[in-house]
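Peer 1: Okay, here's the structure, questions in a sec.
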Amino acid sequence: MAAQKLLSLLVFQLALVAFILDVANAQGLKVGFYKNTCPQAEEIVKKAAASFISRAPSLAAPLLRMHFHDCFVRGCDGSVLLNSTSSNQAEKDAFPNLSLRGYQVIDAAKDALEKKCPGVVSCADILALVARDAVSMMNGPFWQVPTGRRDGRVSNLQDALNNLPGPAFSISALKSSFAAKGLSVKDLAVLSGGHTLGMSHCSSFTNRLYNFTGKNDADPSMDPNYVAQLKTKCKPNDATTIVEMDPGSAKKFDVDYYTLVSKRRGLFQSDAALLTDSTTNAYVQLQLTSKSTFAEDFGVSMVNMGNIGVLTGNSGEIRKKCYLVN
């Protein structure tokens, strides 16, 4: 009996230690983390990002998406940046990540930082900062990014397939996916607004245009006029054509995405799903008014997302090259 009590106490203490460590990890991030060790870190990252995005504004959306895809798989630890090896297929090569672009921006920022402050700034932090700067450069909001993340040493293709929410997700699947990462339903509604930027391959939504229920029909939740319009651009089995997610405004960060969703012109099933839940639908409708809160909400939700599963303190490492473990 005494042995059982001792074992129970030990299990409880181990659980408590794990909980405290988890809380400490999230608290290990802070705005200005590199103030003493690399004071110009954020400026160096911004300069590197601007040098690319000013010439190719279309990079802003995939760089924002890259941070999202990093955080939802093993936490915000830069694991999406690691290359596959002969013995391991990395996240980068998972199907949902094959359309990510902009790795050269991260590498350029890392190279510049290594020259100024070798071995100090993590690739995970660079991702978070570049995502913020990319949005800001597209007329979007600017927010303070807590830093202090360290880089993970593991990247696994299957983890990406298991954790990334897909474009065909229902509202219940989306809510479960976000809740599993500690994010709220409001975070879901806000971060979906990131679709105001960028392009999508037809293959991510053609199921909504053709044979949606196996009867050669379209998704009834999409505006029929929009279906007809998209059919002129995307033929069945088209795997190469890309279209704007927010037509006419795909290079500007604004609230137009919510206007499209409200008109049943969201490109993905996951966009249309926002109208099927009272909380997310209310958020969509609010953004159509003069009381829109999207710009400020986006920064808050990005910080929330940037806290997922972070490595701090002595966990992980600071990579010298973002695509290789040390």
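Bear in mind that the values in this text are calculations on the coordinates, not laboratory data. Quantities reported herein were computed from a predicted structural model and do not represent experimental measurements. Every residue, glycine as well, gets a Cβ built from its backbone with ideal geometry; the counts of neighbours run over all protein chains shown.
Peer 1: Testing the spin-label approximation: label points 7 Å from Cα along Cα→Cβ at A168 and S54. State their distance in nm.
Peer 2: Here the answer is 4.3 nm between the modelled labels.
Peer 1: Can you check what the net charge comes to around P236, using other residues whose Cβ is under 15 Å from the Cβ of P236 (Lys, Arg +1; Asp, Glu -1)?
Peer 2: Taking every other residue near P236 into account, the sum is +2.
Peer 1: Where the centroid of each part is defined by its Cα atoms, how far is region 27-48 from region 105-127 in Å?
Peer 2: Result: 10 Å between the Cα centres.
Peer 1: How charged is the neighbourhood of S136? Take every other residue with its Cβ under 15 Å from the Cβ of S136, and add Lys/Arg as +1 and Asp/Glu as -1.
Peer 2: So the environment of S136 carries a net charge of 0.
Peer 1: In Å, what Kirkwood hydrodynamic radius results for the chain from the alpha-carbon pair distances?
Peer 2: Taking the inverse mean of 1/r over all distinct Cα pairs, the chain comes out at 20.9 Å.
Peer 1: I've got another one for you. One-quarter of the Cα convex hull surface for region 218-326, in nm²?
Peer 2: Convex hull of Cα atoms, orientation-averaged projection: 10.9 nm².
Peer 1: How large, in Å, is region 107-151 by the Kirkwood hydrodynamic radius built from its alpha-carbon pairs?
Peer 2: Taking the inverse mean of 1/r over all distinct Cα pairs, region 107-151 comes out at 11.2 Å.
Peer 1: Could you sort the peptides 208-219, 51-62, 73-84 by per-residue average Cβ neighbour count (10 Å cutoff), highest mean leading?
Peer 2: Going by the mean number of other Cβ atoms within 10 Å, highest first, we get 73-84, 51-62, 208-219.
Peer 1: Just want to confirm a number: the relative contact order over the chain, from Cα pairs under 8 angstrom separated by 6+ residues, in percent.
Peer 2: 26 percent
Peer 1: Using 0.36 nm times the number of residues separating S203 and L98, minus their current alpha carbon distance, what extension gain do you get?
Peer 2: The span from S203 to L98 would gain 36.5 nm if fully extended.
Peer 1: Continuing with the same structure: Which angle from 0 to 90°, rounded to the nearest 10, does the C-alpha axis of helix 171-180 make with the longest principal axis of the chain?
Peer 2: Approximately 10 degrees, to the nearest ten.
Peer 1: Distances longer than 23 Å among the Cα atoms of region 39-194: what percent of all pairs is that?
Peer 2: 37 percent
Peer 1: Also, I was wondering about something else. Across every pair of different alpha-carbon atoms, what Kirkwood hydrodynamic radius in Å does region 223-274 reach?
Peer 2: 11.9 Å
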